[in-house]
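To start, I am sharing the structure in question, which I have written as structure tokens.
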Amino acid sequence: MRSAGLDGCRAGWVCVGWDGRKWVTAVFASLEHSLASIVSGARVCIDIPVGLSETGLRACDREARQLLGPRRSSVFAAPPNFAMQERSYLELNSESKRRYGRGISKQAFYLLPKIRETARHLREHLAHCQDWREAHPELCFAALQGGVPMRDSKKTPEGYLQRLALLQVLMGSRAVTELICELDAQAGVAKDDILDAMVCGYVARLDVEKLCALPRGDVERNERGDAMQIWFPSAHE
């Protein structure tokens, strides 16, 4: 794959990518398995926090919520960096409350294994993954329909069909149908995971000048110098 979108799922990671001729799919048990399928230097948009702040507060998350309005709850509060330690929820939640006066959500805790896996993968395969970028599917969907957030949650039948219809316009009905058929047969891959990977894959293939990032302006970096940005298409795309 010359570009790809990745979304976490129960089976590991669902991937929709472009091989230079057509859209292709894969399900990876781990990011390590993606090395054989995604070429070195490929742009990859991955739906997982990349770079955590010391406190857990990130300007990109705050601005994403502002842009998404009715879909703002889809941007969960990223955990603070100390949560990269493999400790129980009770321990991490208590420590976060002690340090910062607020706990860690269960949603963030359950994503920590994939956040840790992504950080480790990017660190160990720095040259191969030089153009991997954090993306957020809801921001991508909103931007691709003129900056207007989706009306309904992706977990509802109406929300699923809204996102499906947009992807069919962008990628072609036949291609979308084939991709969904391929991935529907995979265990541990939910319907909304497929659409999230698909929109991330579509965005990863866009020319770089058609992309923008949050926060606006200067790049926000954590205490280790890691960029904390969420990438998505320019609203006019």
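The values are calculated or read from the model by the stated rules, or taken from the named source; none is laboratory data. Values in this document were obtained by computation on a predicted structure and should not be read as measured data. Neighbour counts run over all protein chains shown; Cβ positions are idealised from the backbone, glycine included.
Take Ile115 and decide whether it is on the phi < 0 side of the Ramachandran plot, assigned to a loop (DSSP other than H, G, I, E, B) and touching a residue at least 12 places away in the same chain (Cβ under 8 Å).
no
With the condition kept exactly as written, say whether any residue in the stretch 61-79 is touching a Gly at 6+ places or on another chain (Cβ under 8 Å), surrounded by 17 or more Cβ atoms within 10 Å (Cβ to Cβ) and of a type in the set (S, T, N, Q).
So far as the stretch 61-79 goes, no, none of its residues is touching a Gly at 6+ places or on another chain (Cβ under 8 Å), surrounded by 17 or more Cβ atoms within 10 Å (Cβ to Cβ) and of a type in the set (S, T, N, Q).
Spot the failing condition for Gly225; the list is (1) buried (at least 21 other Cβ atoms within 10 Å of the Cβ); (2) within 19 Å of Thr118 (Cβ to Cβ), and only one is missed.
Status for Gly225: all satisfied but (1).
Something else now. Mind checking which pairs have a first residue in the stretch 149-162 that is within 16 Å of Ile180 (Cβ to Cβ) and free of Cβ contacts under 8 Å to residues at least 12 places away in the same chain and a second that is in a loop (DSSP other than H, G, I, E, B) and of a type in the set (D, E, K, R), Cβ under 8 Å, 6 or more apart or different chains?
So the pair list comes out as Gly159/Arg151; Gly159/Asp152.
Ser34 is checked against (1) assigned to a helix (DSSP H, G or I); (2) within 24 Å of Gly146 (Cβ to Cβ); (3) touching a Phe, Trp or Tyr at 6+ places or on another chain (Cβ under 9 Å) and fails just one. What number does that condition carry?
Status for Ser34: all satisfied but (2).
Turning to a different aspect of this structure: Please specify each residue of the stretch 33-55 satisfying the condition of being out of contact with any helix residue (DSSP H, G or I) (no Cβ under 7 Å at 6 or more places or on another chain) and either within 30 Å of Gly217 (Cβ to Cβ) or surrounded by 14 or more Cβ atoms within 10 Å (Cβ to Cβ) (or both).
His33, Ser34, Leu35, Ser37, Ile38, Val39, Gly41, Ala42, Gly51
Give just the number: which of (1) within 18 Å of Ala135 (Cβ to Cβ); (2) among the aliphatic types (A, V, I, L, M); (3) not in a loop (DSSP other than H, G, I, E, B) does Leu183 not satisfy?
(1)
Do we find that Arg163 is touching a helix residue (DSSP H, G or I) at 6+ places or on another chain (Cβ under 7 Å), under 25 Å from Leu67 (Cβ atoms), surrounded by 13 or more Cβ atoms within 10 Å (Cβ to Cβ) and of a type in the set (Lys, Arg) in this structure?
It is true that Arg163 is touching a helix residue (DSSP H, G or I) at 6+ places or on another chain (Cβ under 7 Å), under 25 Å from Leu67 (Cβ atoms), surrounded by 13 or more Cβ atoms within 10 Å (Cβ to Cβ) and of a type in the set (Lys, Arg).
Would you point out which residue out of Gly69, Gly51 is in a loop (DSSP other than H, G, I, E, B) and farther than 18 Å from Asp193 by Cα?
Gly51
Sticking with this structure for a sec: Taking the stretch 145-178, which residues are closer than 19 Å to Ser73 by Cβ, basic (Lys, Arg) and assigned to a helix (DSSP H, G or I)?
Arg163
When you look at Ala108, is it under 23 Å from Ile194 (Cα atoms), modelled with pLDDT under 95 and in a loop (DSSP other than H, G, I, E, B), yes or no?
no
Same structure, new question: Given the conditions (1) within 18 Å of the chain's Cα centre (by Cα); (2) closer than 19 Å to Ala64 by Cα; (3) surrounded by 14 or more Cβ atoms within 10 Å (Cβ to Cβ); (4) not small (Gly, Ala, Ser), and given that Gln107 satisfies all but one, which numbered condition is not satisfied?
So the condition that Gln107 fails would be (3).
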